[in-house]
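Encoded as structure tokens, the structure appears first; notes follow it.
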Amino acid sequence: MAARPHQFISAPDTGASPLSQEWRVRRRFARRLRLLGLPADLRGWSVLDIGAWHGYFSFECERRGAGRVLAIDRFAWDRFGMEEFLAAHTRLGSRVEYQHLDVHDLDVDAIGQFDLVLLLGVFYHLRNPLAALERIARVTKRLLICETHVLLPFIHERYPLVSFFPGDERAGEQTHDLCGIPTMTALTEMLRFAGFSEVEIAYRPSFRYWKKFVSLVTTRPQSGRGIVHARP
Ligand SMILES: C[S@@+](CC[C@H](N)C(=O)[O-])C[C@H]1O[C@@H](n2cnc3c(N)ncnc32)[C@H](O)[C@@H]1O
């Protein structure tokens, strides 16, 4: 196994110098990798990366020894993200498989089951999150790692709330600018009701009380990173 994670992620244009942008992006992805709790050795595991976009995590799983890795995406790959993925794929000489596939159309009979399923930064894009989670549960053999923004309202954080989001395709038509962000309670309950029997919170949002205070002052719920490990 190589010693370091892949370093091909391109940086968004923030006006900062390319070097400092790249440094920030690398640092952000390195931190995400630390927090996610991906098994260090994936030899003998198959992996499904849902909403893979640039493929950073698909390629990282391949680097960690996973046998079969399937990356799927739809919205970004239909519009702007496919080139990045394919460029990295070629540069790395990767064997990661890829399919244009909407998570709402995941079909266990068509793609089979995977030891590890990644749902990273995707939940809050979904039009029908519970229906998608039910499909994800069917294709998960051992472990789902779900990382998402979770909702931090000033009060009612412990209730199973999800802000409505019509899906990426119709995001421009909505009347507010929140995605489909669940409270941590909503996320864990939805995973249970979708068919996962063991649901464990791996990471809760940092600066939670500060963000709740901001919610109060701005009267707009804030969000922070949540990571959950779920097993069938
Ligand atoms: C914020 S990006 C996350 C990319 C990557 N997983 C990561 O964590 O860096 C969200 C990705 O989910 C994809 N996505 C959104 N809705 C989807 C859907 N219904 N089915 C499959 N992919 C979807 C988007 O196209 C986009 O590539």
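Between residue 173 and residue 68, what is 0.36 nm times their sequence separation minus the Cα-Cα distance? Round to one decimal in nm.
34.0 nm
Give, to the nearest whole percent, the P(r) tail of the range 142-232 beyond 15 angstrom, counting all Cα pairs.
Value for the range 142-232 (Cα pairs over 15 Å): 61 percent.
Place a label point 7 angstrom from the Cα of residue 16 along the Cα-to-Cβ direction, then list the residues of the range 46-68 whose backbone nitrogen is under 17 Å away.
Within reach of a label on residue 16, which here means backbone N under 17 Å from a point 7 Å along Cα→Cβ, the range 46-68 contributes nothing.
Between the range 157-232 and the range 44-67, how many Å separate their Cα centres?
Each part reduced to its Cα centre gives a spacing of 25 Å.
Using DSSP, restrict attention to beta bridges with both residues in the range 18-231 and report what percent are antiparallel, rounded to the nearest 5.
Antiparallel bridges: around 45 percent, rounded to the nearest 5.
Can you list residues from other chains, or at least 5 along the same chain, whose modelled amide H is less than 5 Å from the amide H of residue 140?
The answer is 114.
Cut-off 10 angstrom, C-alpha nodes, Gaussian network model of the chain. Which of 74, 24, 208 fluctuates the most?
24
Given H placed on each backbone N at 1.01 Å, which residues far from residue 66 in sequence or on other chains put an amide H within less than 5 Å of it?
Residues meeting the amide H criterion: 42.
Under a 5 Å amide H to amide H cut-off, with H placed in plane at 1.01 Å, what residues pair with residue 150 once short-range neighbours are removed?
For residue 150, whose amide H was placed from the backbone, the distant partners under 5 Å are 224, 225, 226.
Give the share of C-alpha pairs in each 10 angstrom bin for the chain, from 0 to the last occupied bin, in whole percents, shortest bins first.
Values per bin, smallest distances first: 8, 31, 38, 20, 4, 0.
For a bin width of 10 Å, list the pair-distance distribution of the range 33-104 built from all Cα-Cα distances, rounded to whole %.
The percentages, shortest bin first, are 21, 53, 25, 1.
Neighbouring Cβ atoms within 10 Å as the yardstick, rank 157, 198, 22 fewest first.
Starting with the residue having the fewest Cβ neighbours, the order is 198, 22, 157.
Which value, in debye to the nearest 20, gives the size of the charge dipole of the range 122-224 about its Cα centre, when Lys and Arg are +1 and Asp and Glu are -1 at the Cβ?
220
If you take the alpha carbon radius of gyration of the range 77-190 and divide it by 2.2 N^0.38 Å, what ratio comes out, to two decimals?
1.20
Could you work out [θ]222 nm for the chain from helices alone, using -39500 (n - 2.57) per DSSP H run of at least four and dividing by all its residues? Round to the nearest 500 deg cm²/dmol.
That comes out to -10000 deg cm²/dmol.
Placing +1 at every Lys and Arg Cβ and -1 at every Asp and Glu Cβ, with all other atoms neutral, what dipole size does the chain have around its Cα centre, in debye to the nearest 20?
Charge dipole, the chain, about its Cα centre: 1040 debye, nearest 20.
Coordinate-derived values only; no laboratory data. All figures in this text were calculated on a predicted structure; none of them were measured in a lab. No Cβ is skipped: glycine too gets one built from the backbone with ideal geometry, and neighbour counts run over all protein chains shown.
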